[in-house]
Amino acid sequence: MDLAGKNVVYLGGFGGIGQKCVQELLQRQIKSLAIFDLVENAAILAEWKNNNPNTDIFYQKVDITQKSDIETAYKETAQRVGHFDVVVNGSGLMNDRLIELTIQINLLGVINSTLTALEYMDKAKGGRGGLIVNISSVAGLQPTALMAIYSAAKSGVTTFTRAMANPIYYAHSGVGFITICPGFTDTGLLDDIDNKTTFTYETPMLAMFNKVKRQRPEDCASNLVRAIETAKNGAVLMLETGETQEVDMPDLWKPQFED
């Protein structure tokens, strides 16, 4: 997808990876950028507007745990820009001590945002099609025992997004889906891990966690935006240590049909 002249919605655009992704997107001469987030970063928003006068950049306050907030933000954004070409669901929380909130933000929020965005993007409903990008994690590719709740939520994101990318849905709606699975990225999400793990007792996994190589958020963002431009519908992409690798997701089960 050529991003020039496109309308983009980014959920979590003020976050660690989100800020860097927004900066990358703005280099593509996009037409408009709606940032959905819980708290506004007025300083960086003003900087983006000042440096990109030809792009309509604006903020919508969204508590991703509230479906009504999501619906209102999309409605008001549609009234302002007309349609969406790209939606990036990038809001995230990693703290297994907050079980319900971890599921609400990382999984239910993504589902509700996706289904709401489809109401406006679906060609069968008068939309123009487009692309929805859901940010999962390497913890959404394989069980991550240190963060079992977070891993469960992100596995749900991966499976949900792959299901939404079904060719039958794509032919109907014209909306493609890709799953982005970043590896360890040097952002605040990884801070204070000792107080975020599933269990409070010491395990060798924590020591291993602290030794894992991290990528720069700038590198993750660059690869993510490149994926938006080039990835095919249904792709699951692992963004690890500055590299992008498409993950081959095998079919582990096939239904048996009656004769």
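List of remarks:
- Of all the listed residues (Thr179, Thr185), the sole one being surrounded by 16 or more Cβ atoms within 10 Å (Cβ to Cβ), closer than 12 Å to Asn134 by Cβ and of a type outside the set (Gly, Ala, Ser) is Thr179.
- For the residues Ile105, Ile57, Ile44, Ile35, the requirement of being under 24 Å from Ser155 (Cα atoms), of a type outside the set (D, E, K, R), out of contact with any Asp or Glu (no Cβ under 9 Å at 6 or more places or on another chain) and touching a residue at least 12 places away in the same chain (Cβ under 8 Å) singles out Ile105.
- Where Leu98 falls short, out of the listed (1) surrounded by fewer than 22 Cβ atoms within 10 Å (Cβ to Cβ); (2) over 25 Å from Asp56 (Cβ atoms); (3) touching a residue at least 24 places away in the same chain (Cβ under 8 Å): (3)
- Filtered residue count, the stretch 172-227, keeping only those that are of a type in the set (A, V, I, L, M) and under 17 Å from Ala148 (Cα atoms): 7
- Applying a threshold of 8 Å to beta carbon distances and a minimum spacing of six or more residues, or different chains, the list of pairs starting in the stretch 155-178 at a residue that is farther than 18 Å from Val247 by Cβ and ending at one that is of a type in the set (A, V, I, L, M) and not in a helix (DSSP H, G or I) reads Tyr169/Val175; Val175/Leu131; Val175/Ile132.
- A single entry from Gln29, Gln19 fulfils the requirement of being within 25 Å of Arg214 (Cβ to Cβ) and either without any contact (Cβ under 8 Å) to a residue 24 or more places away in the chain or out of contact with any strand residue (DSSP E or B) (no Cβ under 7 Å at 6 or more places or on another chain) (or both): Gln19.
Read-outs throughout are calculated quantities, based only on the coordinates presented, and are distinct from any laboratory measurement. Here the structure is a predicted model, which means the values were calculated and not measured. Counting neighbours? That spans all protein chains shown, and the Cβs are built from the backbone with ideal geometry, glycine included.
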